[in-house]
1. Could you work out what % of the accessible surface of region 172-294 is carbon and sulfur, using a 1.4 angstrom probe and leaving DNA, RNA and ligands out of the count?
2. Among the listed pairs Lys84/Lys327; Lys116/Lys281; Lys155/Lys327; Lys91/Lys298; Lys132/Lys316; Lys109/Lys141, which are separated by more than 29 Å between their Cα atoms?
3. Read through the labelled values [x] 19.9, 64; [y] 18.0, 52; [z] 34.8, 144 and report the label of the one computed as Rg and Dmax of the Cα atoms in Å from the structure.
4. So, in Å, what gap is there between the alpha-carbon centers of region 90-156 and region 262-308?
5. Dipole of the chain (Lys/Arg Cβ +1, Asp/Glu Cβ -1, origin at the Cα centre): which of Val317, His202, Asn129 lies farthest to the positive side?
6. Nearest 5 percent is fine: what portion of the DSSP beta bridges confined to the chain is antiparallel?
7. In nm, what is the difference between 0.36 nm times the number of residues separating Thr50 and Ser170 and their Cα-Cα distance?
8. With the convex hull built on the Cα atoms of region 96-180, state its orientation-averaged projected area in nm².
Amino acid sequence: MMKFNVAIVLLLFYVVSCSDNESTDKTTDEEVIETPEIPTEEPEEEPEVTWKTIPVPAEAGEGNVWEFQNMSDSFDYEAEAANKGAEFDAKWTDFYHNQWSGPGLTEWKRDHSLVKDGYLQMVASRVPNSNKIHLGCITSKEQVIYPVYIEAYVKIANTTLASDVWLLSSDDTQEIDIVEAYGASYSELAQADQTWYAERIHLSHHMFIREPFQDYQPTDAGSWYKDEVGTLWREDFHRVGVYWRDPFHLEYYINGELVRTTSGAEMIDPNNYADGEGLSKPMDIIINAEDQTWRSDKNITPSDAELANKENNTFKVDWIRIFKPVKAD
(Lines give C-alpha, C1' and ligand atoms only; values in the text may rest on other atoms or scores of the structure.)
Protein backbone atom coordinates (compact mmCIF):
# COMPACT_ATOMS: atom_id res chain seq x y z
CA MET A 1 0.00 0.00 0.00
CA MET A 2 2.83 2.36 0.84
CA LYS A 3 4.61 1.56 -2.42
CA PHE A 4 1.40 2.28 -4.37
CA ASN A 5 0.91 5.63 -2.64
CA VAL A 6 4.52 6.62 -3.35
CA ALA A 7 4.06 5.73 -6.98
CA ILE A 8 0.91 7.78 -7.17
CA VAL A 9 2.68 10.76 -5.58
CA LEU A 10 5.59 10.49 -7.99
CA LEU A 11 3.20 10.26 -10.93
CA LEU A 12 1.27 13.32 -9.81
CA PHE A 13 4.55 15.25 -9.34
CA TYR A 14 5.65 14.37 -12.85
CA VAL A 15 2.34 15.45 -14.35
CA VAL A 16 2.35 18.72 -12.46
CA SER A 17 5.96 19.36 -13.36
CA CYS A 18 5.37 18.80 -17.08
CA SER A 19 2.31 21.04 -16.94
CA ASP A 20 4.36 23.83 -15.34
CA ASN A 21 7.14 23.46 -17.90
CA GLU A 22 4.70 23.64 -20.76
CA SER A 23 3.11 26.73 -19.30
CA THR A 24 6.52 28.30 -18.83
CA ASP A 25 7.60 27.47 -22.35
CA LYS A 26 4.45 29.07 -23.80
CA THR A 27 4.99 32.19 -21.77
CA THR A 28 8.57 32.35 -22.91
CA ASP A 29 7.52 31.95 -26.53
CA GLU A 30 5.06 34.84 -26.22
CA GLU A 31 7.69 37.06 -24.68
CA VAL A 32 10.29 36.60 -27.43
CA ILE A 33 7.94 36.97 -30.42
CA GLU A 34 8.29 40.54 -31.76
CA THR A 35 5.73 42.11 -34.06
CA PRO A 36 7.60 43.28 -37.16
CA GLU A 37 7.42 47.02 -37.78
CA ILE A 38 5.56 47.98 -40.93
CA PRO A 39 7.62 50.62 -42.68
CA THR A 40 5.76 53.87 -43.31
CA GLU A 41 6.23 55.40 -46.73
CA GLU A 42 7.54 58.95 -46.71
CA PRO A 43 5.38 61.24 -48.83
CA GLU A 44 7.13 62.12 -52.05
CA GLU A 45 8.30 65.71 -52.12
CA GLU A 46 6.91 67.81 -54.93
CA PRO A 47 9.73 68.91 -57.23
CA GLU A 48 10.56 72.59 -56.91
CA VAL A 49 9.09 74.67 -59.69
CA THR A 50 11.73 76.87 -61.27
CA TRP A 51 11.75 79.38 -64.10
CA LYS A 52 12.68 76.50 -66.39
CA THR A 53 9.96 74.08 -65.24
CA ILE A 54 6.91 76.34 -65.08
CA PRO A 55 4.63 74.60 -67.60
CA VAL A 56 4.57 76.20 -71.02
CA PRO A 57 0.94 77.27 -71.45
CA ALA A 58 0.84 76.80 -75.23
CA GLU A 59 0.22 73.42 -76.84
CA ALA A 60 3.37 71.93 -78.38
CA GLY A 61 1.29 69.99 -80.95
CA GLU A 62 0.35 66.34 -81.26
CA GLY A 63 3.25 64.05 -80.43
CA ASN A 64 5.48 66.97 -79.39
CA VAL A 65 7.00 68.19 -76.14
CA TRP A 66 8.63 71.51 -75.30
CA GLU A 67 12.43 71.60 -75.31
CA PHE A 68 14.21 74.28 -73.26
CA GLN A 69 16.68 76.38 -75.28
CA ASN A 70 20.04 77.35 -73.82
CA MET A 71 19.80 80.88 -75.16
CA SER A 72 17.33 81.48 -72.31
CA ASP A 73 18.65 83.58 -69.42
CA SER A 74 17.86 83.60 -65.68
CA PHE A 75 19.93 86.77 -65.04
CA ASP A 76 21.15 85.16 -61.82
CA TYR A 77 24.56 86.76 -62.10
CA GLU A 78 26.12 90.20 -61.90
CA ALA A 79 26.82 92.30 -65.00
CA GLU A 80 28.06 95.79 -64.25
CA ALA A 81 26.77 98.63 -66.42
CA ALA A 82 30.21 99.55 -67.74
CA ASN A 83 31.54 96.01 -68.12
CA LYS A 84 28.94 93.26 -68.48
CA GLY A 85 31.32 90.30 -68.27
CA ALA A 86 31.61 86.92 -69.98
CA GLU A 87 28.32 85.38 -68.83
CA PHE A 88 26.30 88.28 -70.22
CA ASP A 89 28.42 88.57 -73.37
CA ALA A 90 27.88 84.89 -74.21
CA LYS A 91 24.20 85.56 -74.91
CA TRP A 92 23.72 89.28 -75.48
CA THR A 93 25.04 92.20 -77.50
CA ASP A 94 25.06 95.30 -75.32
CA PHE A 95 23.15 97.49 -77.78
CA TYR A 96 20.50 97.51 -80.48
CA HIS A 97 20.95 95.05 -83.36
CA ASN A 98 22.43 97.76 -85.56
CA GLN A 99 23.91 101.20 -84.89
CA TRP A 100 20.60 103.07 -84.68
CA SER A 101 20.50 104.93 -81.36
CA GLY A 102 16.73 104.85 -80.86
CA PRO A 103 13.43 106.57 -81.69
CA GLY A 104 12.43 110.11 -80.82
CA LEU A 105 14.12 111.46 -77.71
CA THR A 106 15.80 108.09 -77.04
CA GLU A 107 19.57 107.67 -76.97
CA TRP A 108 20.45 104.07 -76.15
CA LYS A 109 23.64 103.85 -74.15
CA ARG A 110 25.54 100.72 -73.19
CA ASP A 111 26.00 101.69 -69.56
CA HIS A 112 22.24 102.05 -69.05
CA SER A 113 21.64 98.30 -68.91
CA LEU A 114 22.96 96.04 -66.16
CA VAL A 115 22.27 92.81 -64.29
CA LYS A 116 21.99 93.17 -60.53
CA ASP A 117 20.12 91.46 -57.67
CA GLY A 118 18.94 88.76 -60.07
CA TYR A 119 17.35 91.16 -62.58
CA LEU A 120 18.22 92.60 -65.94
CA GLN A 121 17.64 96.32 -65.42
CA MET A 122 17.08 99.06 -68.00
CA VAL A 123 17.63 102.48 -66.44
CA ALA A 124 16.94 106.02 -67.66
CA SER A 125 18.68 109.37 -67.20
CA ARG A 126 18.68 112.77 -68.87
CA VAL A 127 21.26 113.40 -71.57
CA PRO A 128 23.16 116.43 -70.24
CA ASN A 129 22.10 119.77 -71.72
CA SER A 130 19.41 118.08 -73.80
CA ASN A 131 15.77 117.03 -73.78
CA LYS A 132 16.85 113.51 -74.78
CA ILE A 133 17.04 110.47 -72.52
CA HIS A 134 19.73 107.82 -72.14
CA LEU A 135 18.22 104.32 -71.97
CA GLY A 136 19.34 100.69 -72.12
CA CYS A 137 18.94 98.22 -74.98
CA ILE A 138 20.30 94.68 -75.52
CA THR A 139 20.00 92.16 -78.40
CA SER A 140 20.29 88.38 -78.38
CA LYS A 141 23.30 86.87 -80.12
CA GLU A 142 21.18 84.00 -81.41
CA GLN A 143 18.06 84.43 -83.51
CA VAL A 144 14.75 82.62 -83.14
CA ILE A 145 12.43 81.22 -85.80
CA TYR A 146 8.98 79.63 -85.59
CA PRO A 147 7.75 77.41 -84.08
CA VAL A 148 8.95 78.89 -80.82
CA TYR A 149 7.54 79.95 -77.46
CA ILE A 150 9.19 82.94 -75.74
CA GLU A 151 8.23 84.16 -72.29
CA ALA A 152 9.65 86.82 -69.97
CA TYR A 153 8.93 87.63 -66.33
CA VAL A 154 8.91 91.42 -66.19
CA LYS A 155 8.09 94.43 -64.03
CA ILE A 156 6.98 97.38 -66.13
CA ALA A 157 8.62 100.68 -65.19
CA ASN A 158 6.38 103.28 -63.52
CA THR A 159 7.04 105.83 -66.25
CA THR A 160 5.68 107.21 -69.51
CA LEU A 161 8.61 105.47 -71.23
CA ALA A 162 8.04 102.15 -73.00
CA SER A 163 9.14 98.87 -71.41
CA ASP A 164 9.74 96.38 -74.23
CA VAL A 165 10.53 92.76 -75.05
CA TRP A 166 10.27 92.15 -78.78
CA LEU A 167 11.48 90.33 -81.88
CA LEU A 168 12.85 91.95 -85.04
CA SER A 169 14.21 90.56 -88.30
CA SER A 170 17.72 91.57 -89.36
CA ASP A 171 16.36 93.75 -92.19
CA ASP A 172 13.82 95.49 -89.90
CA THR A 173 10.83 94.37 -91.98
CA GLN A 174 9.12 91.96 -89.54
CA GLU A 175 8.47 92.50 -85.85
CA ILE A 176 6.63 90.71 -83.03
CA ASP A 177 5.98 92.63 -79.81
CA ILE A 178 5.89 90.29 -76.81
CA VAL A 179 5.38 93.12 -74.35
CA GLU A 180 5.17 96.86 -74.92
CA ALA A 181 3.82 98.81 -71.97
CA TYR A 182 3.77 102.22 -70.32
CA GLY A 183 3.51 102.06 -66.53
CA ALA A 184 2.77 105.63 -65.40
CA SER A 185 -0.75 106.75 -64.58
CA TYR A 186 0.08 110.44 -65.08
CA SER A 187 2.34 112.58 -67.25
CA GLU A 188 3.67 115.64 -65.43
CA LEU A 189 4.83 117.52 -68.55
CA ALA A 190 1.64 116.81 -70.53
CA GLN A 191 -0.49 117.23 -67.40
CA ALA A 192 -2.51 114.29 -68.67
CA ASP A 193 -3.98 111.18 -67.11
CA GLN A 194 -2.32 108.02 -68.42
CA THR A 195 -4.33 105.36 -66.59
CA TRP A 196 -5.67 103.94 -69.87
CA TYR A 197 -2.12 102.94 -70.82
CA ALA A 198 -1.09 101.89 -67.31
CA GLU A 199 -3.89 99.31 -67.35
CA ARG A 200 -2.92 97.83 -70.72
CA ILE A 201 -0.19 95.84 -72.43
CA HIS A 202 0.27 96.24 -76.16
CA LEU A 203 0.30 92.81 -77.84
CA SER A 204 0.95 93.27 -81.53
CA HIS A 205 3.22 92.78 -84.54
CA HIS A 206 4.43 94.84 -87.51
CA MET A 207 4.96 94.21 -91.20
CA PHE A 208 7.19 96.87 -92.81
CA ILE A 209 8.33 98.05 -96.19
CA ARG A 210 11.37 100.24 -95.65
CA GLU A 211 11.45 102.12 -98.99
CA PRO A 212 9.11 103.91 -99.30
CA PHE A 213 8.32 103.37 -95.63
CA GLN A 214 5.07 101.55 -94.88
CA ASP A 215 3.98 100.01 -91.59
CA TYR A 216 1.11 97.63 -90.90
CA GLN A 217 0.06 96.50 -87.44
CA PRO A 218 -3.34 95.32 -86.16
CA THR A 219 -5.49 98.10 -84.73
CA ASP A 220 -8.28 96.02 -83.21
CA ALA A 221 -9.16 96.60 -79.55
CA GLY A 222 -7.61 93.27 -78.56
CA SER A 223 -4.13 94.54 -79.38
CA TRP A 224 -4.32 96.57 -76.14
CA TYR A 225 -4.92 93.95 -73.47
CA LYS A 226 -6.66 94.92 -70.22
CA ASP A 227 -7.75 92.34 -67.66
CA GLU A 228 -11.09 92.34 -65.85
CA VAL A 229 -9.80 93.95 -62.65
CA GLY A 230 -7.84 96.76 -64.30
CA THR A 231 -4.40 95.58 -63.15
CA LEU A 232 -1.73 98.27 -63.12
CA TRP A 233 1.09 96.27 -64.68
CA ARG A 234 3.83 98.33 -63.01
CA GLU A 235 2.90 97.08 -59.54
CA ASP A 236 4.28 93.55 -59.79
CA PHE A 237 6.11 91.07 -61.96
CA HIS A 238 4.09 89.32 -64.67
CA ARG A 239 4.78 86.52 -67.16
CA VAL A 240 4.23 87.66 -70.73
CA GLY A 241 4.80 85.28 -73.62
CA VAL A 242 4.14 84.65 -77.30
CA TYR A 243 3.83 81.41 -79.24
CA TRP A 244 4.98 82.09 -82.79
CA ARG A 245 3.50 78.91 -84.19
CA ASP A 246 3.92 79.62 -87.88
CA PRO A 247 4.06 82.62 -90.28
CA PHE A 248 0.32 83.24 -89.90
CA HIS A 249 -0.41 82.38 -86.28
CA LEU A 250 0.55 84.14 -83.02
CA GLU A 251 -0.72 83.39 -79.52
CA TYR A 252 -0.13 85.78 -76.61
CA TYR A 253 -0.08 84.62 -72.97
CA ILE A 254 -0.11 86.63 -69.75
CA ASN A 255 0.54 84.84 -66.46
CA GLY A 256 -0.03 81.53 -68.20
CA GLU A 257 -3.40 82.44 -69.71
CA LEU A 258 -4.11 82.78 -73.42
CA VAL A 259 -5.31 86.37 -73.88
CA ARG A 260 -4.99 86.98 -77.62
CA THR A 261 -4.70 85.04 -80.87
CA THR A 262 -3.77 86.66 -84.17
CA SER A 263 -4.21 84.26 -87.05
CA GLY A 264 -4.63 84.22 -90.82
CA ALA A 265 -3.29 86.38 -93.63
CA GLU A 266 -5.97 89.04 -93.08
CA MET A 267 -4.68 89.69 -89.56
CA ILE A 268 -0.98 89.00 -90.07
CA ASP A 269 -0.26 90.66 -93.44
CA PRO A 270 -3.38 91.95 -95.19
CA ASN A 271 -1.32 94.25 -97.44
CA ASN A 272 0.94 91.37 -98.52
CA TYR A 273 4.12 93.23 -97.63
CA ALA A 274 5.87 89.86 -97.24
CA ASP A 275 4.75 88.49 -100.62
CA GLY A 276 2.56 85.81 -99.07
CA GLU A 277 5.22 84.56 -96.65
CA GLY A 278 3.89 86.21 -93.47
CA LEU A 279 6.09 86.39 -90.37
CA SER A 280 8.68 84.02 -91.76
CA LYS A 281 12.12 85.55 -91.12
CA PRO A 282 14.54 84.68 -88.28
CA MET A 283 14.42 87.38 -85.60
CA ASP A 284 16.58 88.84 -82.85
CA ILE A 285 15.26 89.14 -79.31
CA ILE A 286 15.49 92.75 -78.13
CA ILE A 287 14.94 94.01 -74.58
CA ASN A 288 14.94 97.75 -74.00
CA ALA A 289 13.30 100.89 -72.70
CA GLU A 290 12.59 103.81 -75.02
CA ASP A 291 10.93 107.19 -75.40
CA GLN A 292 8.60 106.82 -78.37
CA THR A 293 7.95 109.66 -80.81
CA TRP A 294 4.17 109.29 -80.92
CA ARG A 295 4.14 110.02 -77.18
CA SER A 296 6.90 112.61 -76.82
CA ASP A 297 5.33 114.60 -79.69
CA LYS A 298 2.42 115.08 -77.26
CA ASN A 299 4.82 115.98 -74.45
CA ILE A 300 4.21 112.58 -72.83
CA THR A 301 7.83 112.16 -71.77
CA PRO A 302 9.45 112.18 -68.31
CA SER A 303 10.28 115.47 -66.64
CA ASP A 304 13.61 115.91 -64.84
CA ALA A 305 11.76 115.48 -61.54
CA GLU A 306 10.26 112.19 -62.74
CA LEU A 307 13.61 110.93 -64.01
CA ALA A 308 15.14 111.66 -60.62
CA ASN A 309 13.15 108.73 -59.25
CA LYS A 310 15.44 105.98 -60.51
CA GLU A 311 13.27 103.09 -59.31
CA ASN A 312 10.24 104.38 -61.23
CA ASN A 313 12.27 104.62 -64.42
CA THR A 314 13.84 101.14 -64.26
CA PHE A 315 12.40 98.30 -66.34
CA LYS A 316 13.22 94.92 -64.75
CA VAL A 317 13.35 91.45 -66.28
CA ASP A 318 13.68 88.50 -63.90
CA TRP A 319 14.18 85.90 -66.67
CA ILE A 320 13.48 85.15 -70.29
CA ARG A 321 13.01 81.59 -71.53
CA ILE A 322 12.73 80.06 -74.98
CA PHE A 323 11.24 76.69 -75.93
CA LYS A 324 10.98 74.76 -79.18
CA PRO A 325 8.48 71.95 -79.83
CA VAL A 326 10.22 68.64 -80.60
CA LYS A 327 8.99 65.10 -81.16
CA ALA A 328 8.49 63.16 -77.92
CA ASP A 329 10.73 60.12 -77.40
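The values are calculated or read from the model by the stated rules, or taken from the named source; none is laboratory data. Here the structure is a predicted model, which means the values were calculated and not measured. Here the Cβ positions follow ideal geometry from the backbone for every residue, glycine too, while neighbour counts run over all protein chains shown. SASA here: full protein model, heavy atoms, side chains in, ligands and nucleic acids out. Shrake-Rupley method; radii C 1.70, N 1.55, O 1.52, S 1.80 Å.
1. 47 percent
2. Lys84/Lys327; Lys116/Lys281; Lys155/Lys327; Lys91/Lys298
3. After the calculation, the listed value that fits is [z].
4. The distance from the Cα centre of region 90-156 to that of region 262-308 comes to 14 Å.
5. So the residue we want is Asn129.
6. Working: 77 of 80 bridges.
Expressed as a percentage, antiparallel bridges in the chain total about 95.
7. Separation in residues times 0.36 nm, less the Cα-Cα distance, equals 40.0 nm.
8. 6.7 nm²
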